[in-house]
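Got a structure here, written out as structure tokens. Questions coming.
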Amino acid sequence: MPSKQKSKKKTRSGLVKRQAQKRGLPPGTLVHVGDRKIDQVRIAVMDYDENRFDERQLDRIENAYAYKASPTVTWLNIDGLLDIYLSSISNRMNAVMKVLTLVATMFIPLTFVAGVYGMNFEHMPELRWKYAYAGFWGIIVVMVVCMMIYFKRKKW
């Protein structure tokens, strides 16, 4: 019976290991083993056939077109592209969350005041006042204006 020994080889980047004889994966499958912070996008081209192996760093993606007509096997590795994409999604989600937080902050106190005056108590003296309705809306407007001024000063 063959042994279940795993052969592991570290590649150049140190982030991917080759694993053989692992259940469910064909031999030589690359497996992600960690994350590395990438400051900028780097483009690497690996061009090879059975006699030679050539690896180069490209400064522009347009330079990869030269390998298009090549009869050899060509791999493009673009480091940092996923980080840029995830960063843009995170920024967009932060903007949406900021707007939702501001809306909730504006409406929660208003809901509380409306809830208090919506309870049909008999002995609320301000309910019998002549200008109680206008006073209620005055309180609501003052609260909203004060919150908006506060948010503007905080540059939210």
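Which one of these is more than 30 Å from F151 (Cβ to Cβ) and either modelled with pLDDT of 65 or more or aliphatic (A, V, I, L, M) (or both): L82, L86?
The unique qualifying residue is L82.
Inside the stretch 94-123, can you point out the residues that are assigned to a helix (DSSP H, G or I) and among the aromatic types (F, W, Y)?
F107, F112, Y117
Would you check if M148 is surrounded by 11 or more Cβ atoms within 10 Å (Cβ to Cβ) and at pLDDT 90 or above?
Details: surrounded by 11 or more Cβ atoms within 10 Å (Cβ to Cβ): yes; at pLDDT 90 or above: yes.
Taking the combined requirement at face value, the residue satisfies it.
Hey, among N77, N91, which residue is outside any loop (DSSP other than H, G, I, E, B), in contact with a strand residue (DSSP E or B) (Cβ under 6 Å, 6 or more places away or on another chain) and modelled with pLDDT of 60 or more?
N77
Inspect all residues belonging to the stretch 22-29 and state whether any of them is surrounded by 11 or more Cβ atoms within 10 Å (Cβ to Cβ) and at pLDDT 85 or above.
Within the stretch 22-29, not a single residue is surrounded by 11 or more Cβ atoms within 10 Å (Cβ to Cβ) and at pLDDT 85 or above.
Sort through E126, E62 and tell me the only one that's at pLDDT below 90, in the same structural domain as R42 (by TED's automatic domain parsing) and assigned to a helix (DSSP H, G or I).
E62
The values are calculated or read from the model by the stated rules, or taken from the named source; none is laboratory data. Note that the structure is predicted; figures quoted are calculated from it, not measured. Don't worry about glycine lacking a Cβ; one is built from the backbone with ideal geometry, like all the others, and counts go over all protein chains shown.
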